[in-house]
Amino acid sequence: MPNSRQGAPAPMPTPASTANLPDVTPAPWERQPGEGAKAFAGFECYKLLGVQRSITRVAASLGRHPSLIRRWCQRHCWVDRVLAWDGEQARQVEGMLAQAREQALKRRIEAGEQVEKLGMLALQSLIARDPETGKPRLDDRVRPRDAVALYRLAMDIHRSLPQARAVQKLIRLAGGDGKLIARGCQIVLSYASAGIAI
């Protein structure tokens, strides 16, 4: 269809100037400018060999002569590039470990809070009202020694002792009179392992 300017065709759009594009430098472990596909395949093989990296192993793996692999290695700076790769991998692993530690700490805190809630419920069930004064008091079944042990255990939980150690301590301290508390801890553990919040 003719243009309004005396029937001349519409001008073709021109591509954007490459001078306006951002400089995108590949990461050292990516294919570099001027590096052929075969040389890059050699680098990939070298990189993935890990601690067993060697020119000889790459040559054997690719079915090439070691002198060719050595030239590629020198020309394309494989040693420096693979050091950058190893550093990046180490940073990623450290990041994953930090995240795993953070998640483990969060689970430990949540489990401790669940045990603390159960302990409070158990203690509340052991509080009775004095019939004469109407004031709250510990049930007669609770020995002073057990009350002190429960208090110390609550402090241990508060100080973030690992969940299993705190529960084992609670079960051991509960003895014959504390079967309900021990059973409650077992329930908390089963709920915690199933991911169910109390």
## Note on the structure
Quick calc, Ala98 & Ala37: beta-carbon distance into FRET formula, R0 35 Å, rounding 0.05, result 0.40
## Note on the structure
Given 89-100, 68-79, the highest-first ranking by average Cβ count within 10 Å works out to 68-79, 89-100
### Summary
The extension gain from Thr25 to Ala84, computed as 0.36 nm times the residue separation minus the Cα-Cα distance, is 19.8 nm
### Message
Net charge around Val82, counting only other residues with Cβ within less than 12 Å of its Cβ (Lys, Arg = +1; Asp, Glu = -1)?
### Response
-1
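Bear in mind that the values in this text are calculations on the coordinates, not laboratory data. Since the model is a prediction, treat every value here as computed from it, not as a measurement. Ideal geometry is used to build each Cβ from the backbone, glycine not excepted, and the neighbour counts take in all protein chains shown.
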